[in-house]
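Asker: Take a look at the following structure, please.
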Amino acid sequence: MASVDKYSILLPTYNEIDNLPIIIWLIIKNMNASGFSYEIIIIDDGSPDGTLEAAQQLQKIYGEDKIVLKPREKKLGLGSAYIHGIKHATGNFIIIMDADLSHHPKFIKEFIETQKSHNYDIVTGTRYKGTGGVHGWDFKRKLISRGANLLTQILLRPGVSDLTGSFRLYKKDILEDLIKSCVSKGYVFQMEMIVRARQKNYTIGEVPITFVDRVYGESKLGGSEIVQFATALLYLFATT
Amino acid sequence: MTKLMEWIFVAGALGAIWLALLTNKIENIFVKDYYQLLLFSPIIFIVLFGIYALIIVLYRVFTFNNCNEAADELQKEIQEAKVDLQRQGFYFKEH
Ligand SMILES: Nc1nc2c(ncn2[C@@H]2O[C@H](COP(=O)(O)OP(=O)(O)OP(=O)(O)O)[C@@H](O)[C@H]2O)c(=O)[nH]1
Ligand SMILES: [Mg+2]
């Protein structure tokens with residue numbers, strides 16, 4: 001492959017000791033098969049369950065060129081974990097994904113190919129289109145998700161079907177620019193990123209992904225999700 | 001222009017036309033025959049739109065892919081990964 005592109009995969013972790021070895025194994029397997037140049041940057045926020053020790057073991061197995069560890073002392077949140085990771089990224093593309101096995105690394109190849117086909121600035125995974133979908137969601141969760149999605153589509157007309165997903169590929173400089181212009185915290189941060197990207201006329205491609213609800217470990221996002229979402233929606237409605 | 005401004009602008013324009021028709025600023029035979037319909041048309045429109053949105057949402061909920069194959073495949077891969085990682089010397093912490 002005559003490509004000089006390098007992909008830095010950011011993996012923020014907090015208490016993912018059971019998931020981390022598996023996700024790393026899957027990324028290595030799929031990325032080696034695809035032939036693209038890559039590195040995995042693990043940003044652990046002082047997980048009490050020993051995620052960092054597991055990461056160190058994995059680094060020994062797969063090498064320091066493939067696995068880069070950039071831990072922080074304490075839990076400082078997802079948004080700042082990305083910023084911290086980007087600072088140390090050596091690739092010209094950044095891939096962000098969750099470490100909890102909801103995002104399958106087999107899709108990374110499709111992200112890269114889609115990006116290359118149109119020279120997109122961003123490629124985002126979508127659960128709401130084509131062969132995309134979710135596993136392990138009950139009726140209520142699907143209803144809330146679909147309802148919130150339609151409301152967002154009507155109010156913001158973002159031109160992207162999945163706004164809150166966090167499985168994405170960005171050109172590095174564009175991700176840096178977007179992070180600077182976003183004010184949201186928590187998971188609505190993903191929504192603001194993609195809406196601001198549209199506002200700035202960045203080009204966005206979509207790849208359908210299957211989302212399998214976490215098998216191991218606990219969800220870190222609390223019940224205030226709906227309130228957070230509504231606030232972010234109104235904020236973006238009034239400012240973009 | 002923000003999305004909020006767009007909505008105010010469009011709602012304002014439609015509202016002005018509606019009011020002009022109602023108050024006969026725009027002479028029109030239709031208005032005389034269908035005054036009631038015109039009067040309630042904004043409410044009718046909102047209700048119809050609500051029903052439309054509800055149908056779309058329910059349709060999308062019922063056609064939401066369940067990804068059972070993806071979940072099964074992941075389970076197999078988890079087992080495969082554990083065996084392979086252990087072979088390479090990875091120690092899985094008991095808990
Ligand atoms: N470094 C770091 N990682 C975090 C933090 N909070 C969450 N994460 C990681 O970010 C990813 C997404 O978080 P999740 O808890 O899975 O959030 P979610 O996907 O919205 O919710 P569930 O899958 O239902 O738990 C996972 O890999 C987490 O381990 C944090 O404060 N710091
Ligand atoms: Mg998750």
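The values are calculated or read from the model by the stated rules, or taken from the named source; none is laboratory data. Computed from a predicted model, the values in this text were never measured in an experiment. Neighbour counts run over all protein chains shown; Cβ positions are idealised from the backbone, glycine included. With ligands, DNA and RNA removed, areas are computed over all heavy atoms of the protein, side chains included. Shrake-Rupley method; radii C 1.70, N 1.55, O 1.52, S 1.80 Å.
Asker: Look at the stretch B:64-81 and say how many of its residues are closer than 15 Å to residue A:107 by Cβ and exposed (fewer than 13 other Cβ atoms within 10 Å of the Cβ).
Answerer: Number of matching residues: 1.
Asker: With respect to residue A:17, is the statement that it is more than 14 Å from chain B (Cβ to nearest Cβ) and within 15 Å of ligand 1 (Cβ to nearest atom) true?
Answerer: It is false that residue A:17 is more than 14 Å from chain B (Cβ to nearest Cβ) and within 15 Å of ligand 1 (Cβ to nearest atom).
Asker: Residues in the stretch B:48-55: is at least one away from chain A (no Cβ under 14 Å) and either in a helix (DSSP H, G or I) or hydrophobic (A, V, I, L, M, F, W, C) (or both)?
Answerer: yes
Asker: Right, here's the next one. Please pick out the residue among A:96, A:108 that is among the β-branched types (Val, Ile, Thr) and either within 15 Å of ligand 2 (Cβ to nearest atom) or in contact with a Gly (Cβ under 7 Å, 6 or more places away or on another chain) (or both).
Answerer: The match here is A:96.
Asker: Does any residue of the stretch B:31-52 turn out to be of a type in the set (Lys, Arg) and surrounded by fewer than 11 Cβ atoms within 10 Å (Cβ to Cβ)?
Answerer: Yes - at least one qualifying residue is present in the stretch B:31-52.
Asker: Hey, another quick one. Can residue A:239 be described as closer than 27 Å to residue A:105 by Cα, away from ligand 1 (no atom under 15 Å from the Cβ) and either open to solvent by 20 Å² or more (accessible area, probe 1.4 Å) or more than 14 Å from chain B (Cβ to nearest Cβ) (or both)?
Answerer: In short, no.
Asker: Related question: Quick check on my filter: what residues within the stretch A:20-31 are open to solvent by 10 Å² or more (accessible area, probe 1.4 Å), under 13 Å from residue A:61 (Cβ atoms) and more than 9 Å from every other protein chain (Cβ to nearest Cβ)?
Answerer: A:28
Asker: Can you name every residue in the stretch A:189-206 that is away from ligand 2 (no atom under 16 Å from the Cβ) and either within 25 Å of residue A:17 (Cα to Cα) or within 14 Å of chain B (Cβ to nearest Cβ) (or both)?
Answerer: Those that are away from ligand 2 (no atom under 16 Å from the Cβ) and either within 25 Å of residue A:17 (Cα to Cα) or within 14 Å of chain B (Cβ to nearest Cβ) (or both): A:192, A:195, A:196, A:198, A:199.
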